[in-house]
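The structure under discussion appears below in the form of structure tokens.
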Amino acid sequence: MPTTNDCWRYSIPIKVIKPGLATSVQDLGRRGYYHVGVPPSGALDQFSLLAANLLVGNSSDAAALECAYMGPELHFTESTVVAATGADIELQINGQAQPAWTSVVVAPGDVVTFGYLKRGARMCLAVAGGIDVPEVLGSRSTYTLGALGGHEGRVLQAGDELAIGPVRGKVATRTVPLALRPDLPSELEIRVVMGLYDHLLTDLGRQTFLATSWTLTPVADRVGFRYKGAQLDMVEREQPFGAGSDPSNIVDAPYPIGSIQIPGAVEPIVLHRDAVSGGGYAMIATVISADMDAIAQSAPGSTTRFVAVDLYAALAARAERAERISRLRGHFG
Amino acid sequence: MADHEVVTPVPGTFYRSPDPESAPFKSEGDTVVAGETIGVVEIMKNFQHVDAQVSGTVLRFLVENEGFVAAGQPVAVVDDGA
């Protein structure tokens, strides 16, 4: 049945009182432009974005807010429905705690705030109708380094006003079952496929990479996640023409999302969805796509072991993840 | 006298001075005014100020310079003199 919300409308019901740390508008991402230097962007934890959108009755391609480490303070001038997923950080309305991974009604005049981050790193806040910013290259995702997409191509600032899209129908209160919510461990095992440049590591270097418990440093943002823990032994060689002088330098090559580079053979960096598309550091391994959400939720100080798997195992993990997503969708009918 | 914990809102690396060449924002025994910065936490190349919520005297720091902190962790104790 049509409801009062059924017609197209334009409104600016969200005012940003405090922006949080690095709150940005993100959707599933911008596909097909990485070869010209525009990375996919989009929510780093794609599963949590999808869950948040389903909770508020949005289509899966709607845009939401991604907040890292610290939530924003938002003033709502209209009645709507919101849902917070991802990191374990308490959603509050007018100071009252609200359930996580659950759709929550917001009334006009309500102020949405968040507690301190307990586990994980990134929270996703979806609003019924989706955050309505113009699409750029087919996506509403913010790519701050390119100053494009999202709200004026940047992270949110105090005083910003956000529009939401048209809402179709009434939104029922829903919750994501515990079994479908991701674990947010502080000790992670992340699966990687070795290569393409792991031949530049000695056997000892390769062993050290896989045996070390790497600690995530505070240099962990949408571009990349930097770890510390060991120095890796690299093969001594004469650097080829066009490569830099450091043993970890190569002749420039494209960087896959999830690839792990090791500048100076120390402090590996896992590239994420705002990555630069290429450069001159050897990529010794690539995180499998199924584990990129877990990378997104790793907080500084957490420890990670990289576990080498083959491509078949990576594809099986991808299929497993797709199955988990279809169970999530199935829960929402 | 009442002790108040000064809490960092974000996780990251705690610094007691604005940059390596400068003196610390506050030393133990210094007076502090509500809203005044007592340290910064570096996360994602951002520096988030950690501000005292009450006025009083800095009793002690609970985290050393360049120590790692979690969100919501107390980094210092301020005595409000009340």
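The values are calculated or read from the model by the stated rules, or taken from the named source; none is laboratory data. Note that the coordinates shown come from a computational prediction; the quantities given were computed from them, not determined experimentally. No Cβ is skipped: glycine too gets one built from the backbone with ideal geometry, and neighbour counts run over all protein chains shown.
Observations on the structure shown:
- Pairs, first touching a residue at least 24 places away in the same chain (Cβ under 8 Å) and surrounded by 19 or more Cβ atoms within 10 Å (Cβ to Cβ) in the stretch A:95-115, second of a type in the set (D, E, K, R) and part of a loop (DSSP other than H, G, I, E, B), C-beta under 7 Å, six or more apart: A:101/A:181; A:103/A:174
- Residue match in the stretch A:213-223 (condition: basic (Lys, Arg) and without any contact (Cβ under 8 Å) to a residue 40 or more places away in the chain): no
- Verdict on residue A:264 being closer than 25 Å to residue A:204 by Cβ, part of a helix (DSSP H, G or I), in the same structural domain as residue A:216 (by TED's automatic domain parsing) and of a type outside the set (Ser, Thr, Tyr): yes
- Selection status of residue B:72, small (Gly, Ala, Ser), part of a loop (DSSP other than H, G, I, E, B) and more than 14 Å from chain A (Cβ to nearest Cβ): no
- Criterion applied to A:275, A:285, A:314 was being surrounded by 16 or more Cβ atoms within 10 Å (Cβ to Cβ), away from chain B (no Cβ under 14 Å) and assigned to a loop (DSSP other than H, G, I, E, B), and the one residue passing it is A:275.
- Taking every residue in the stretch A:62-90 that is touching a residue at least 40 places away in the same chain (Cβ under 8 Å) and within 14 Å of chain B (Cβ to nearest Cβ) and pairing it with any residue that is among the hydroxyl-bearing types (Ser, Thr, Tyr) and part of a strand (DSSP E or B), at least 6 positions away or on another chain, the pairs with Cβ-Cβ distances below 7 Å are A:66/A:24; A:71/A:113; A:73/A:113.
- Residue count for the stretch B:26-54 satisfying the condition of being touching a His at 6+ places or on another chain (Cβ under 8 Å), closer than 30 Å to residue A:274 by Cβ and assigned to a loop (DSSP other than H, G, I, E, B): 0.
- Summed over the stretch B:49-72, the residues that are within 22 Å of residue A:89 (Cα to Cα) and surrounded by fewer than 20 Cβ atoms within 10 Å (Cβ to Cβ) give a count of 6.
- Beta carbons closer than 8 Å, at least 6 apart along the sequence or on distinct chains, pair a first residue in the stretch B:28-46 that is more than 8 Å from chain A (Cβ to nearest Cβ) and farther than 24 Å from residue A:122 by Cβ with a second that is surrounded by fewer than 16 Cβ atoms within 10 Å (Cβ to Cβ) and of a type in the set (A, V, I, L, M) for B:28/B:59.
- Close contacts from the stretch A:179-206, counting a first residue that is more than 16 Å from residue A:263 (Cα to Cα) and a second that is of a type in the set (S, T, N, Q) and loosely packed, with under 14 Cβ neighbours inside 10 Å, with Cβ to Cβ under 8 Å and a gap of 6+ residues or different chains, come to A:187/A:213.
- Condition check for residue B:8: closer than 30 Å to residue A:88 by Cβ, surrounded by fewer than 16 Cβ atoms within 10 Å (Cβ to Cβ) and among the hydroxyl-bearing types (Ser, Thr, Tyr): no
- Among the residues of this structure, residue A:257 counts as one that is crowded, with 19+ Cβ neighbours inside 10 Å, assigned to a loop (DSSP other than H, G, I, E, B) and either touching a strand residue (DSSP E or B) at 6+ places or on another chain (Cβ under 6 Å) or of a type outside the set (Asp, Glu) (or both).
- Within the stretch A:148-160, one or more residues are surrounded by 19 or more Cβ atoms within 10 Å (Cβ to Cβ), within 14 Å of chain B (Cβ to nearest Cβ) and in contact (Cβ under 8 Å) with a residue 60 or more places away in the chain.
- Against the numbered list (1) away from chain A (no Cβ under 13 Å); (2) assigned to a loop (DSSP other than H, G, I, E, B); (3) in contact with a strand residue (DSSP E or B) (Cβ under 7 Å, 6 or more places away or on another chain), residue B:9 comes up short only at (1).
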